[in-house]
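The values are calculated or read from the model by the stated rules, or taken from the named source; none is laboratory data. This one's a predicted model, so the numbers in the text were calculated from it and none came from an experiment. Using ideal geometry, Cβ is built from the backbone for each residue, glycine included, and neighbour counts are taken over all protein chains shown. The protein model used for the area step is the full one, side chains on, heavy atoms only, and it has no ligands, DNA or RNA in it. Shrake-Rupley method; radii C 1.70, N 1.55, O 1.52, S 1.80 Å.
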Amino acid sequence: MQTDPNPKKSKDSPSNSDSTESTQSASPFPDDVLGKVLSFLNSDKDRSSVSLVCKDWYNAERWTRTKLFIGNCYSVSPEIVATRFPKITSVTLKGKPRFSDFNLVPQNWGADVHYWLVMFAKVYPFLEELRLKRMTVSDESLEILATAFPGFRALSLMSCDGFSTDGLKSVATHCRNLTELDIQDTDIDDFNGGWLSCFPENFGSLEVLNFASLDSEVNFDALERLVSRCKSLRVLKVNKSITLDQLQRLLLRAPQLMELGTGSFQQELLPGQFGDLESAFSNCKNLRTLSGLWEVTSVYLPVLYAACTSLTFLNLSYAALRSVEFGNLIAYCPNLRRLWVLDTVEDKGLEAVGSSCPLLEELRVFPADPFDQQLHRGVTELGFVAVSRGCSKLHYVLYFCWQMTNAAVATIVQNCPNFTHFRLCIMNPGRPDYLTNEPMDEAFGAVVKTCTKLQRLSVSGLLTDLTFEYIGKHAKNLETLSVAFAGSSDLGMQCVLEGCPKLRKLEIRDCPFGNAALLSGLEKYEKMRSLWMSSCNVTITACQQLAREMPRLNVEVMKDKESDDSQADKVYVYRSVAGPRRDAPPFVLTL
Amino acid sequence: MERASAAYENDLNLKATELRLGLPGTDESSEKQSSRNYKRSSPEMDNSCQKDEQKCVPASKAQVVGWPPVRSYLKNVLHQKNDSDLSGMFVKVSMDGAPYLRKIDIKVYKNYPDLLKALENMFKCSIGVYSEREGCNGSDFSPTYEDKDGDWMLVGDVPWDMFITSCKRLRIMKGSEAKGLGCL
C-alpha cells in the first residue's frame, strides 16, 4: 500500500490535544497508520464521510480508495476523478436515466464510456474491474479496454448498447487474466458467436460467464473446452442456442456451478437423454441460482427437481409456466429467497409460492403480455395477498397486475411490514380500486405508514395528491420514487420534495405537476442524484429559472417534435461538479 | 354455412350495419374518468384499435410510449411464444347480426357460466345456456359451437373439459334460429 508522497510534518510526533500549533493538522495518527485503518473501509458512504473530516483524512482517504462508484457519469468528469483518486482498480459507472429502459430517451443521448476509458488507460494502468450500467460502449472502447490494462479481470455490462460481438472478440482475445464476463439485458449487434472461440486454448481463469442475452450460436466445442479448462467457474449463463443435450454435457464438465442459466428447453429428448439430464442436474450440488429456461414445458420440469432443494434464486421470467406445473415445481424449492416469474402462473401459482417458500424475501412478477388490452389475464390482488400471508420475510416486490384494491394492499403490508422496495404497477394508467372505484391513495398510504424501512417505491393506479401527502409525511427513509399518470396538482410533488429527507432519485412521467412544483425543489435537487420529469406541465422558462438559481445543477431539456415551443417535454436535472455536458447531442438543450 | 348466411340476409338489425368506429359490442358512451390525453403512440407497438370496457380512457386510445414499464429486452423475448403451446386456445365467435367476428381464448374460462358471462359482456346481450328444464332461460340468444367433427352443437351438453377440447368455433344464434336445437 503506497502512502501519501507528501507526508505531513507531524508524522513521527503525533500531536496531542495540548498542541498550540493550530496551523498543524489535528490528526493524532501517523499517515501510514491512518492509511492502513482507512484501507479497511469499503462503503462509499463511509469513505465520503471520512473525506470530510479534515484535509489529512481527505488525503489519506483518496490515497487508499481502490473502488470507484459513480452513480451518474455526468456528475463528475474523468479529469476530476483522475486527479483526486490515484489508486483505483475497480470502477462502476452508471449512465442514462432509468426511463431510457422504456424508450423514453432517444438514441445517441450520451453516456459514452469512451473518454472515461481513455483517461483510465493513462491514469489507472492497473485497472482490474469495470462495471457499466446504461452506458454506450463502442467496439473501439472495448478494444482499449482489452489492450490497455494488462491485469484486467472483470467486465460487467448491464443494459448497455453501442457495441457488437466484434468488441467481445477483442476482450476474449486479449484479456489473459479475465475472471468475469457478464453481459445482461443488452441489445447489441450480434453478428455471430465467433467471439467465444477467441478465448485462447490455454485460457482457463473464468469464474463468471454470462452471455444469455446474446442470440447467435456459439461454437459448442469451443464452449465445452472452455468450461472444462475453467476449474473455478461458478457462474455460467448460456444463451438460447444451447440445446438440452449440450447443456447436459456442460453440466458434466462443471458440476461445481453455483449459478446456472440454461439454454432452450425446446429439444425433443429421447428417454435416455432425459435421464442423463436429470442426473446431470442432481450432480450439481452447489447450485443456488437457476435462470434461462426458455420454452420449458411441464414435461421437462422434473429434470430440475433434484437441483431445486438448494436453490435460493429462481428466475422464471422467460418461462411461461401455468399454475399447476409451476406449483409442482415450486414445491421442490423450500429454500428460495428470490423468485422472478411471469404472470402466466396466475394467482393460484402465487398461492403455491405462499405455501412452499417461507423464506422468500424477493418476488418479481412480470407480465407475459403487457399490451393485452382485452382479457387482462395474469395475476390479481389475490395472488399478492396469498404470498404476503405465507412469506413474512418478504421485503422486495415488483408486481405487474391489471387490478388492485386498497384493502388488499393494506392487508399485504400488515402481513409484511418490512418492505424496503415496493414497486406496484397496475398496468392500466389511472385505474382506481376496482371494487370501490376509489383512488388508490389509501393503498400507498398504508405502505408508507406501515413500512418504515421503505427505500424504494413505485406507485400506480388512480392517485390524487393525497398519496403524495402521505409519502411526504411518512416515507422518511425513501430514496427512490417512481410516479406515472398520478397526482392532481403541484401540491403532490411539493409534498414529496418537502417531506422525504433521504430522497435521491425522483422520476415522474405524465403527471399534472408544473412549474411551481419543479421550483419548490430548488434546494433539494443538490442533495439528490437526479430528477426526471416527462410529459408533465413544466415550461422551458421555469427550467431556465432553475438553472439560473442553482448553478451546480445541470438542467437539460428534450423537446418532442409536436409540442409547442414553451413546453419542456422531458426534463432531466442532476447535480454535477463537472459543469454542463460537453458531449450533449443537438436535441438535448442545456439550460 | 348456409344457415349462418341466411340469418344475416334476413336480419334487419340496423344498428349493426350503422357506420361507426368501434368494434361490435362497444358503446358510444364509454366512461371517461380521466381527461388525460394519451396522444403519444409508439411506432413499435401494435396500434390496432382496442376495445375497452374496464378502463377509464377512450376506447380508441393508442398505446402509450414506454408503458407498462417493461424492458424492451424482456418484451421481445416474451413475444416469441409458440402457436401450438398450451397457453391458449383461441376460437372465433360469431354473433348473428354482428358484422364482425371476435376471437376468445376459451382456456381462460373455468366453466360454462364464466364463458357465457364473458360473451355477454363482449356482445352486450343476454345469452342463456340451454337446460332441459328452463330452455334458454328466456333470453334472446343461445350459444352453439362447431365441434371436431364439423357438427353444430348446443353449448352446455358435455362436461366443460370435454367442451374446450372439442370446440372449434362458437356461434351465438338468435333464439328463433335455435328452435331446432331445443329452445322454444
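From the list A:T179, A:T136, A:T92, A:T165, which one is of a type in the set (V, I, T) and either modelled with pLDDT under 95 or surrounded by 23 or more Cβ atoms within 10 Å (Cβ to Cβ) (or both)?
On the way: A:T179 fails: either modelled with pLDDT under 95 or surrounded by 23 or more Cβ atoms within 10 Å (Cβ to Cβ) (or both); A:T136 fails: either modelled with pLDDT under 95 or surrounded by 23 or more Cβ atoms within 10 Å (Cβ to Cβ) (or both); A:T92 fails: either modelled with pLDDT under 95 or surrounded by 23 or more Cβ atoms within 10 Å (Cβ to Cβ) (or both).
Going through A:T179, A:T136, A:T92, A:T165 in turn, the sole match is A:T165.
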Condition first: in contact (Cβ under 8 Å) with a residue 24 or more places away in the chain, basic (K, R) and open to solvent by 50 Å² or more (accessible area, probe 1.4 Å). Can you find one or more residues in segment A:374-392 that meet it?
yes
Hey, could you check segment A:187-219 for residues that are of a type in the set (S, T, N, Q), open to solvent by less than 40 Å² (accessible area, probe 1.4 Å) and more than 18 Å from A:L233 (Cβ to Cβ) and say which is farthest from the other protein chains (Cβ to nearest Cβ)?
A:S216
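Within 14 Å of chain B (Cβ to nearest Cβ), closer than 17 Å to A:V385 by Cβ, open to solvent by 10 Å² or more (accessible area, probe 1.4 Å) and part of a loop (DSSP other than H, G, I, E, B), is that true of A:L462? Quick ask: steps written out before the conclusion?
Details: within 14 Å of chain B (Cβ to nearest Cβ): yes; closer than 17 Å to A:V385 by Cβ: no; open to solvent by 10 Å² or more (accessible area, probe 1.4 Å): yes; part of a loop (DSSP other than H, G, I, E, B): yes.
No: the conditions fail for A:L462.
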With respect to A:A154, determine if the residue is under 23 Å from A:F69 (Cα atoms) and of a type in the set (G, A, S).
yes
The condition of being in contact with a strand residue (DSSP E or B) (Cβ under 6 Å, 6 or more places away or on another chain), at the interface with chain A (Cβ under 8 Å from one of its Cβ atoms) and either open to solvent by 20 Å² or more (accessible area, probe 1.4 Å) or at pLDDT 80 or above (or both) holds, among B:D96, B:D105, B:D85, B:D147, only for B:D105
Scan segment A:406-421 residue by residue and report those that are open to solvent by 10 Å² or more (accessible area, probe 1.4 Å) and either of a type in the set (V, I, T) or under 19 Å from A:D369 (Cβ atoms) (or both).
A:T411, A:T420
Quick one: which of A:Q266, A:Q273 is open to solvent by 20 Å² or more (accessible area, probe 1.4 Å) and within 13 Å of chain B (Cβ to nearest Cβ)?
A:Q266
Please go through segment A:124-159 and give me each residue that is farther than 20 Å from A:E207 by Cβ and of a type in the set (F, W, Y), ordered by number.
A:Y124
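Show me the strands (runs of 3 or more DSSP E) found entirely inside segment A:480-591 where at least 2 residues are open to solvent by less than 20 Å² (accessible area, probe 1.4 Å) and touching a strand residue (DSSP E or B) at 6+ places or on another chain (Cβ under 9 Å). Give the derivation first.
Numbers: elements: A:480-484, A:505-509, A:530-534, A:553-558, A:570-575, A:588-590.
Counting at least 2 such residues, we get A:480-484, A:505-509, A:530-534, A:553-558, A:570-575.
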Counting only residues that are surrounded by fewer than 19 Cβ atoms within 10 Å (Cβ to Cβ) and of a type outside the set (S, T, Y), how many does segment A:422-448 have?
3
Might you let me know whether segment A:348-357 holds any residue that is open to solvent by 10 Å² or more (accessible area, probe 1.4 Å), farther than 23 Å from A:N418 by Cα, in a helix (DSSP H, G or I) and modelled with pLDDT of 95 or more?
yes
Taking first residues from segment A:166-186 that are away from chain B (no Cβ under 14 Å) and second residues anywhere that are acidic (D, E), the pairs with Cβ under 6 Å that are 6 or more apart or on different chains are A:D166/A:D139; A:G167/A:D139; A:S170/A:E143; A:T179/A:E207
State all residues of segment A:406-436 that are of a type in the set (S, T, Y) and away from chain B (no Cβ under 14 Å); if no residue qualifies, say none.
A:T411, A:T420
Would it be correct to say that A:D510 is over 23 Å from A:T136 (Cα atoms) and within 14 Å of chain B (Cβ to nearest Cβ)?
yes
Within segment A:342-400, work out how many residues are more than 14 Å from chain B (Cβ to nearest Cβ) and hydrophobic (A, V, I, L, M, F, W, C).
15
Name every residue in segment A:415-461 that is out of contact with any helix residue (DSSP H, G or I) (no Cβ under 6 Å at 6 or more places or on another chain) and of a type in the set (D, E), in order of residue number.
A:E438
Could you list, ordered by first residue, the pairs with Cβ atoms under 8 Å in which the first is in segment B:157-175 and among the polar types (S, T, N, Q) and the second is open to solvent by 40 Å² or more (accessible area, probe 1.4 Å), at least 6 apart or interchain?
B:S166/B:K148
